[in-house]
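Let me begin by presenting the structure, written as structure tokens, before commenting on it.
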Amino acid sequence: MSINHKSNITTSAVRAGINNDQHHGAVVAPIHLSSTYSLKGFNEKRQFDYSRTGNPTRAIFADVIADLEQGSVGIVTSTGMAAVHLLCQLLSVDDTVIIPHDCYGGSFRLFTHLAKRGQFKLIVVDQNDQQALDKALAHIPKLVLLESPSNPLLRIVDIEEVTKACHRVGALVAVDNTFLSPALQQPLTLGADIVFHSTTKYINGHSDVVGGVLVTKTAELGATLAWWANCIGITGSAFDSFLALRGLKTLPVRMKQHQENALQVANFLKNHDAIDAIYFPGLPEHKGHDIAKKQQFGYGAMLSFEVKGGVEAVKKLFDNLELFTLAQSLGGVESLISHPSTMTHAGMEIADQLEAGITQSLVRISVGIEDIKDILADLAHGLAQSQQ
């Protein structure tokens with residue numbers, strides 16, 4: 001079944017892999033843990049021959065993500081960063097890649113360090129600065145990485161407009177869709193060539209799997225990246241694919257509750273005396289609100305804010321929270337809180353953090369699906385203590 005409109009994503013997510021077992025009639029797709037598969041005969045391969053190359057459980061998961069993203073080929077990787085690294089296999093030493101100055105710290109670290117080793121040329125740019133972006137595109141890049149909303153400042157990029165500009169110079173466009181999932185944004189329908197996720201986050205949704213996935217618009221590009229994924233050995237395991245597939249089935253209903261809670265949290269924080277600034281695209285005053293409204297099906301459940309009093313106030317906040325867990329990652333049913341500078345973006349030099357707008361006062365939260373009264377009460381207590 002193909003996804004033609006956001007309204008039936010719920011059905012496709014729930015039905016993923018259902019009644020797929022041709023041998024025993026298992027309703028839920030089984031886990032195929034075999035590392036290798038027999039040939040029919042001499043030089044007669046079946047659909048699968050070795051699990052690094054292809055696995056039945058992983059194939060079902062890959063196909064449904066490709067379906068939800070309205071793409072051609074899905075490639076499941078062992079981690080989200082493995083999916084980012086897979087993108088780098090498209091680049092040679094003479095190629096240029098453009099990344100956003102405020103992208104996820106792990107992506108920033110990977111691209112900057114590979115560039116230092118001479119594997120490609122790198123341009124880091126504020127993609128909301130049209131003049132700076134045009135100047136970067138004049139270098140005729142092979143690949144442009146987009147992240148919208150950005151991590152951790154929730155900046156919004158007009159994916160359709162930026163992609164058109166990139167395509168005019170012959171560049172491929174890859175979009176990190178981790179913060180929203182295909183339930184809330186489908187970059188391939190906005191013109192992008194590749195979309196990728198850390199499935200660790202919302203797609204799995206239960207903080208018990210580490211994984212990634214990459215989806216291509218065309219079959220040809222998908223075949224190239226699938227070849228490289230097998231070649232460098234970064235494909236995901238059958239068991240992790242099974243768990244992520246299970247989590248995916250509740251993605252739309254989870255996202256509905258995540259978003260309801262996040263909007264109430266944002267409205268609570270924007271008028272709080274302990275907050276200097278809040279970053280959440282669902283608020284009309286957010287700079288990227290109108291673009292987000294145009295290209296997204298919702299505003300997600302990630303937000304960040306600046307705490308008055310600097311890093312000492314942040315420490316007090318963390319010390320006085322009970323419901324929010326101080327931990328990296330995001331997208332699980334539980335509420336998490338983090339300090340980007342010392343956690344998710346610690347791989348960036350402080351100067352690069354400041355250039356991206358990441359200060360010591362910045363806090364990022366992943367709003368869970370707990371009762372909203374408990375979430376707000378925990379934040380109110382922590383923030384009150386942060387100002388003591």
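The values are calculated or read from the model by the stated rules, or taken from the named source; none is laboratory data. This is a predicted model, so every value here is computed, not measured. Note that each Cβ is placed from the backbone with ideal geometry, even for glycine, and that neighbours are counted across all protein chains shown.
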Which listed residue, of LEU91, LEU114, is of a type in the set (A, V, I, L, M, F, W, C), modelled with pLDDT of 95 or more, more than 19 Å from the chain's Cα centre (by Cα) and surrounded by fewer than 17 Cβ atoms within 10 Å (Cβ to Cβ): LEU114
Some residue of the stretch 171-184 being of a type outside the set (S, T, N, Q), over 23 Å from ASP63 (Cα atoms), surrounded by fewer than 24 Cβ atoms within 10 Å (Cβ to Cβ) and out of contact with any Asp or Glu (no Cβ under 7 Å at 6 or more places or on another chain): yes
Selection from the stretch 238-252 of residues that are out of contact with any Ser or Thr (no Cβ under 7 Å at 6 or more places or on another chain) and of a type outside the set (Asp, Glu): PHE239, LEU243, LEU245, ARG246, GLY247, LEU248, LYS249, THR250
Top-ranked residue of the stretch 131-170 - restricted to ones that are surrounded by fewer than 21 Cβ atoms within 10 Å (Cβ to Cβ) and within 19 Å of the chain's Cα centre (by Cα), ranked as nearest to VAL195 (Cα to Cα): GLU160
Listing of helices (runs of 4 or more DSSP H) fully contained in the stretch 20-117 that carry 3 or more residues being among the small types (Gly, Ala, Ser) and under 30 Å from SER341 (Cβ atoms): 80-88, 105-116
Condition met for GLY233 (small (Gly, Ala, Ser) and surrounded by fewer than 23 Cβ atoms within 10 Å (Cβ to Cβ)): yes
The one condition in (1) surrounded by fewer than 14 Cβ atoms within 10 Å (Cβ to Cβ); (2) among the small types (Gly, Ala, Ser); (3) touching a Leu at 6+ places or on another chain (Cβ under 9 Å) that GLY71 fails to fulfil: (1)
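Return yes when ILE98 is farther than 20 Å from LEU251 by Cα, in contact with a strand residue (DSSP E or B) (Cβ under 7 Å, 6 or more places away or on another chain), of a type in the set (A, V, I, L, M) and modelled with pLDDT of 95 or more and no when it is not. Working first, answer last.
Values: farther than 20 Å from LEU251 by Cα: yes; in contact with a strand residue (DSSP E or B) (Cβ under 7 Å, 6 or more places away or on another chain): yes; of a type in the set (A, V, I, L, M): yes; modelled with pLDDT of 95 or more: yes.
Yes; evaluated as a whole, the condition is true for this residue.
Which residues, taken from the stretch 169-193, are within 14 Å of GLY80 (Cα to Cα), touching a residue at least 40 places away in the same chain (Cβ under 8 Å) and touching a helix residue (DSSP H, G or I) at 6+ places or on another chain (Cβ under 8 Å)?
Kept after step one, since they are within 14 Å of GLY80 (Cα to Cα), are these residues of the stretch 169-193: 174-179, 181.
From what's left, touching a residue at least 40 places away in the same chain (Cβ under 8 Å): 174, 176-179, 181.
Of everything in the stretch 169-193, those that are within 14 Å of GLY80 (Cα to Cα), touching a residue at least 40 places away in the same chain (Cβ under 8 Å) and touching a helix residue (DSSP H, G or I) at 6+ places or on another chain (Cβ under 8 Å) turn out to be ALA174, ASP176, ASN177, THR178, SER181.
Which ranges mark the strands (runs of 3 or more DSSP E) fully within the stretch 143-256 that have 1 or more residues being at pLDDT 95 or above, out of contact with any Pro (no Cβ under 6 Å at 6 or more places or on another chain) and closer than 30 Å to ASN19 by Cβ?
Those strands (runs of 3 or more DSSP E) span 194-198, 212-216.
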Test for ASP134: is it part of a helix (DSSP H, G or I), in contact (Cβ under 8 Å) with a residue 12 or more places away in the chain and among the acidic types (Asp, Glu): yes
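Can you tell me which of GLU285, GLU312 is assigned by TED's automatic domain parsing to the domain that holds SER361 and within 30 Å of LEU190 (Cβ to Cβ)?
GLU285
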Test: residue in the stretch 293-301 that is surrounded by fewer than 19 Cβ atoms within 10 Å (Cβ to Cβ) and under 30 Å from SER51 (Cβ atoms): no
Residues (of a type in the set (S, T, N, Q) and surrounded by fewer than 24 Cβ atoms within 10 Å (Cβ to Cβ)) located in the stretch 341-375: SER341, THR342, THR344, GLN353, THR359, GLN360, SER361
